[in-house]
Amino acid sequence: MRRCSDAGRSNGGAELFLAQGACLALAVDRPPLDPRAAAQAATELLGYCDDTVQDPRTAGDGMVRSTMWSLWWD
């Protein structure tokens with residue numbers, strides 16, 4: 001597996017789990033545990049993939065304690 005963010009990995013970063021077509025699956029070993037931290041992570045993903053994250057607060061709700069994140073592009 002190739003790491004998506006070596007710098008963030010020690011702080012709960014994500015590692016590429018699967019890349020297929022326009023979809024990525026990221027494995028998260030230390031996901032955010034509260035809504036504020038999840039919204040921050042979703043905001044970072046918004047800069048990378050605005051098709052997946054349109055509202056960081058809503059997207060963050062699905063990221064709290066989740067160990068698998070999905071991204072896609074239309």
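The values are calculated or read from the model by the stated rules, or taken from the named source; none is laboratory data. Note that the coordinates shown come from a computational prediction; the quantities given were computed from them, not determined experimentally. Every residue, glycine as well, gets a Cβ built from its backbone with ideal geometry; the counts of neighbours run over all protein chains shown. To get the accessible areas, we keep the full protein, side chains included, count just its heavy atoms, and leave off ligands, DNA and RNA. Shrake-Rupley method; radii C 1.70, N 1.55, O 1.52, S 1.80 Å.
Within segment 18-52, can you find the residues that are in a strand (DSSP E or B) and either modelled with pLDDT under 85 or within 9 Å of the chain's Cα centre (by Cα) (or both)? Within segment 18-52, 25, 26, 27, 28 qualify. For segment 24-52, filtering for residues that are open to solvent by 70 Å² or more (accessible area, probe 1.4 Å) and in contact with a strand residue (DSSP E or B) (Cβ under 7 Å, 6 or more places away or on another chain) leaves 0. Checking each residue in segment 53-65 for being open to solvent by less than 30 Å² (accessible area, probe 1.4 Å) and part of a loop (DSSP other than H, G, I, E, B) picks out only 53.
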